[in-house]
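J.: The structure follows.
The values are calculated or read from the model by the stated rules, or taken from the named source; none is laboratory data. Worth saying up front: this structure is predicted, and the values here are computed from it rather than measured. No Cβ is skipped: glycine too gets one built from the backbone with ideal geometry, and neighbour counts run over all protein chains shown.
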Amino acid sequence: MFKLKTIPFLIFLALFSILEVEIQSQDSKPRVVVMTDGEVDDRSSMIRFLLYSNDVELLAIIETNSVYQREGHSNKDWYDKQVNAYEEVHPNLIKHDSDYPTADQIRALSYVGDEDPKHIVVNNRSPERRPGMEPQIKPDDWADTPGSDRIVEILLEEDPRQVYIQAWGGGNTAARAFYKIQTEFPDEYDRAISKAVMHNIWYQDGAGNYIETYHPKVTMLLDHYFNGTWDYGSQSFTFAFIKNEVKNNHGPLGALYPQDYVSEGDSPAFLWALKNGLRNYENPSYGGWGGRYYKVDGLANVYADVSAASYSRWIEAANRDFQTRLDWCVAEKFEDANHKPVIKMQGELDRSVKSGETVSLDASGTTDPDGHNMSFRWWQYQEAGSYKKMVSVDQPGGKKISFVAPKVDNPETIHIILEVRDRATPSLYAFQRMIITVRQ
């Protein structure tokens, strides 16, 4: 199996000048590491993730274990089969977006991490593990793995951009990597560890409480409300969707989808890190396809999701987008499939204004790649901004809007979402978030 090769530990694999890299640049893609325990819903999520590999900077896919999959599944060929199927549809995918990596590039970034069942917590159910609980593991005497060394390698790079490490299953591989940087590279530790943003689908193996305690500069996101929105049984209305739009007549990758309806408890971890205009990977409190988060009291960098609604409001848009990418797998020409509108805003996405000033937002340069008609909808994402009252928006269904900045006593933020939808099948959504800071 290609992923079981021995990976040499290289420090500073890629050197970037800090002057040439802009943190959270609007033009850069989120840098992503996926850790998966290979459970059946992980296998469904991986099919979706591979179809979004064009929208992230993929750094690694690491097979791990969890309390539910104690010995992992790297000895099975599920992942190999999916990458092989991706290779078959890649010639069509790049006709729709040339940024799709090749299968060989994905294989070169595939690793095995910690699958030792002794390194997980067994006597505590994952839903009950919450921030602030006593750590139950310490990776001090664990062996390094190719997966943990890859995380070390990535974080030690000079590139200052954040690294979004996703724990679809257990987080022990990351825990070992953080420990190794702390003990073997103490002079680099603060710089390296501060780049890590770890997205946890539950604290499945005890690593979460260890990391938040011993590596508090890691930003930790904890998902609980994936349960009821994306996990087993949550989208049971999608049987026909999976049968007709995924498994049948959409190429070999979709045909491998292992379940009969959308059951992808791990997908929120990577949906949160997509560059889809909602910018939610910039700040846990922003909200987007992968949920919205609040700061946990008493812990420096730990966030938990706020509600099921912060996920469910985006499910239709996410699934329509997934459907289109499966169409790309079999569409041999660009014009044989749909593509979402391309929003073009005039001016900066983040603006600072004074109370009473008129704010004008203009998206008249927005186009549809397929020439379809489009509808525009501007709305205030009230929960994401610090200003909790509604503002009165002029012509919310037009290409341009304006509103008067409200009176405030202290600086307040207002999040405005532009939602553009094309008139095609499937009808696709494009989004853009603008953040307006209002001062006295």
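J.: Just to be sure I understand, how many residues within segment 82-97 are acidic (Asp, Glu) and touching a Ser or Thr at 6+ places or on another chain (Cβ under 8 Å)?
T.: Residues meeting the conditions: 1.
J.: Right, here's the next one. Return yes when Phe241 is in contact (Cβ under 8 Å) with a residue 24 or more places away in the chain, surrounded by fewer than 19 Cβ atoms within 10 Å (Cβ to Cβ) and under 19 Å from Thr324 (Cα atoms) and no when it is not.
T.: In short, yes.
J.: Is at least one residue of segment 326-349 part of a strand (DSSP E or B) and at pLDDT 95 or above?
T.: Yes.
J.: Let me ask you something else. State the number of residues belonging to segment 130-170 that are part of a loop (DSSP other than H, G, I, E, B), over 20 Å from the mean Cα position of the chain (by Cα) and either over 17 Å from Asn65 (Cα atoms) or at pLDDT 95 or above (or both).
T.: 15
J.: Restricting attention to segment 111-129, report how many residues are touching a Ser or Thr at 6+ places or on another chain (Cβ under 9 Å), part of a loop (DSSP other than H, G, I, E, B) and at pLDDT below 95.
T.: Residues flagged as touching a Ser or Thr at 6+ places or on another chain (Cβ under 9 Å), part of a loop (DSSP other than H, G, I, E, B) and at pLDDT below 95 within segment 111-129 amount to 1.
J.: Of the residues that sit in segment 193-204 and are more than 23 Å from Glu153 (Cα to Cα) and assigned to a loop (DSSP other than H, G, I, E, B), which one is modelled with the lowest pLDDT?
T.: Among them, the one singled out is Gln204.
J.: Quick one: Val408 ticks every box in (1) buried (at least 17 other Cβ atoms within 10 Å of the Cβ); (2) part of a loop (DSSP other than H, G, I, E, B); (3) within 30 Å of the chain's Cα centre (by Cα) bar one, so which box is it?
T.: So Val408 meets the others, but not (3).
J.: In segment 367-386, what residues are over 19 Å from Ile435 (Cβ atoms), of a type outside the set (A, V, I, L, M, F, W, C) and touching a residue at least 12 places away in the same chain (Cβ under 8 Å)?
T.: Thr367, Asp368, Pro369, Asp370, His372, Asn373, Ser375
J.: Taking the criterion of being of a type in the set (Lys, Arg), in a loop (DSSP other than H, G, I, E, B) and buried (at least 19 other Cβ atoms within 10 Å of the Cβ), would at least one residue in segment 385-396 satisfy it?
T.: no
J.: Is it the case that Val246 is within 20 Å of the chain's Cα centre (by Cα) and crowded, with 22+ Cβ neighbours inside 10 Å?
T.: No, not satisfied.
J.: Given the criteria surrounded by 21 or more Cβ atoms within 10 Å (Cβ to Cβ), farther than 22 Å from Lys29 by Cβ and not β-branched (Val, Ile, Thr), does Arg150 qualify?
T.: So Arg150 does not fit the description; no.
J.: Another one. Does segment 226-233 contain any residue that is under 15 Å from Asn319 (Cα atoms), charged (D, E, K, R), part of a loop (DSSP other than H, G, I, E, B) and touching a residue at least 40 places away in the same chain (Cβ under 8 Å)?
T.: Yes, the conditions are met somewhere in segment 226-233.
J.: Within segment 277-288, is even one residue surrounded by fewer than 20 Cβ atoms within 10 Å (Cβ to Cβ), in contact with a Lys or Arg (Cβ under 8 Å, 6 or more places away or on another chain) and closer than 18 Å to Leu418 by Cβ?
T.: No, that holds for no residue.
J.: If you don't mind, there's one more thing I want to ask. So which residues in segment 97-116 are closer than 25 Å to Pro369 by Cβ and in contact with a helix residue (DSSP H, G or I) (Cβ under 7 Å, 6 or more places away or on another chain), if there are any at all?
T.: Tyr100, Thr102
J.: Also, I was wondering about something else. Taking segment 359-375 as the search range and keeping residues that are small (Gly, Ala, Ser) and part of a loop (DSSP other than H, G, I, E, B), which one is nearest to the chain's Cα centre (by Cα)?
T.: Ala363
J.: Please work out which residue is surrounded by the fewest Cβ atoms within 10 Å (Cβ to Cβ), limiting yourself to segment 29-57 and to residues that are closer than 16 Å to Gly265 by Cα and β-branched (Val, Ile, Thr).
T.: Step by step, filter segment 29-57, then rank; the result is Val40.
J.: Among the residues of segment 87-100, count how many are in contact (Cβ under 8 Å) with a residue 24 or more places away in the chain, surrounded by fewer than 19 Cβ atoms within 10 Å (Cβ to Cβ) and not in a helix (DSSP H, G or I).
T.: Summing the residues that are in contact (Cβ under 8 Å) with a residue 24 or more places away in the chain, surrounded by fewer than 19 Cβ atoms within 10 Å (Cβ to Cβ) and not in a helix (DSSP H, G or I) in segment 87-100 gives 3.
J.: Only one of these is surrounded by fewer than 17 Cβ atoms within 10 Å (Cβ to Cβ), on the phi < 0 side of the Ramachandran plot and not in a loop (DSSP other than H, G, I, E, B): Pro268, Pro252. Name it.
T.: Selected residue: Pro252, the only one of Pro268, Pro252 that is surrounded by fewer than 17 Cβ atoms within 10 Å (Cβ to Cβ), on the phi < 0 side of the Ramachandran plot and not in a loop (DSSP other than H, G, I, E, B).
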